[in-house]
1. Of all residues in region 70-88, which are open to solvent by 70 Å² or more (accessible area, probe 1.4 Å) and assigned to a helix (DSSP H, G or I)?
2. Going by the conditions given, is ALA58 without any contact (Cβ under 8 Å) to a residue 40 or more places away in the chain and not aromatic (Phe, Trp, Tyr)?
3. Which residues, taken from region 1-26, are basic (Lys, Arg) and under 14 Å from PRO59 (Cα atoms)?
Amino acid sequence: VDERAARLFHALCDLCCFAARGDDLPPRCVEASLSALRDADEKRRLFDFQPFVERWRAPLCDALLGALLDGRHALLGDEAAALLHRLAAPDLAGFFGSFLPQRIASLEGLDDGQKRAVLWARADDRPSFIRGLKDAAADVAYYRLVNTSAME
């Protein structure tokens, strides 16, 4: 593999992870990144490309899930959720069995019982996956609001 091409590939993936997190970016930039990722997977099967799988699938899932649970992609929630399902689909057992529980356990602003309540049941089909994710994001926002109000 050409070393320069590999560096460029990883730099682009890093940029897409940054955009997926959505920190201080306008929605149009996030949308462009999500569209580029979706198109690359549809046209070139990016999410099946072994260097992507090995290095970028988990960080991108983490960035998308974190942004969705924190409400940073409210305007792009459907696109981001569909992309997260697409990323998770090759290993839904691993996503629901390990990745999701670890990510939920690391959420700030929720107690242990609330974190358990936020976990949603495994859903293999896209509509059920997205519905569970949206419910979890709404629950996280609610619990954080309740917990913040209780501290005042």
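The values are calculated or read from the model by the stated rules, or taken from the named source; none is laboratory data. Because the structure is predicted, anything quoted here is derived from the model rather than measured. FYI the Cβ positions are ideal-geometry reconstructions off the backbone, even for glycines, and counts take in every protein chain you see. Note: accessible area is taken over every heavy atom of the protein model, side chains too, but ligands, DNA and RNA are not part of it. Shrake-Rupley method; radii C 1.70, N 1.55, O 1.52, S 1.80 Å.
1. Here is the first cut: in region 70-88, the residues open to solvent by 70 Å² or more (accessible area, probe 1.4 Å) are 72, 74-75, 78-79.
ALA74, LEU75, ASP78, GLU79 - these are the residues of region 70-88 that are open to solvent by 70 Å² or more (accessible area, probe 1.4 Å) and assigned to a helix (DSSP H, G or I).
2. Numbers: without any contact (Cβ under 8 Å) to a residue 40 or more places away in the chain: no; not aromatic (Phe, Trp, Tyr): yes.
For ALA58, the condition - without any contact (Cβ under 8 Å) to a residue 40 or more places away in the chain and not aromatic (Phe, Trp, Tyr) - is not met.
3. Going through region 1-26, the residues basic (Lys, Arg) turn out to be 4, 7, 21.
ARG21, the sole residue that qualifies.
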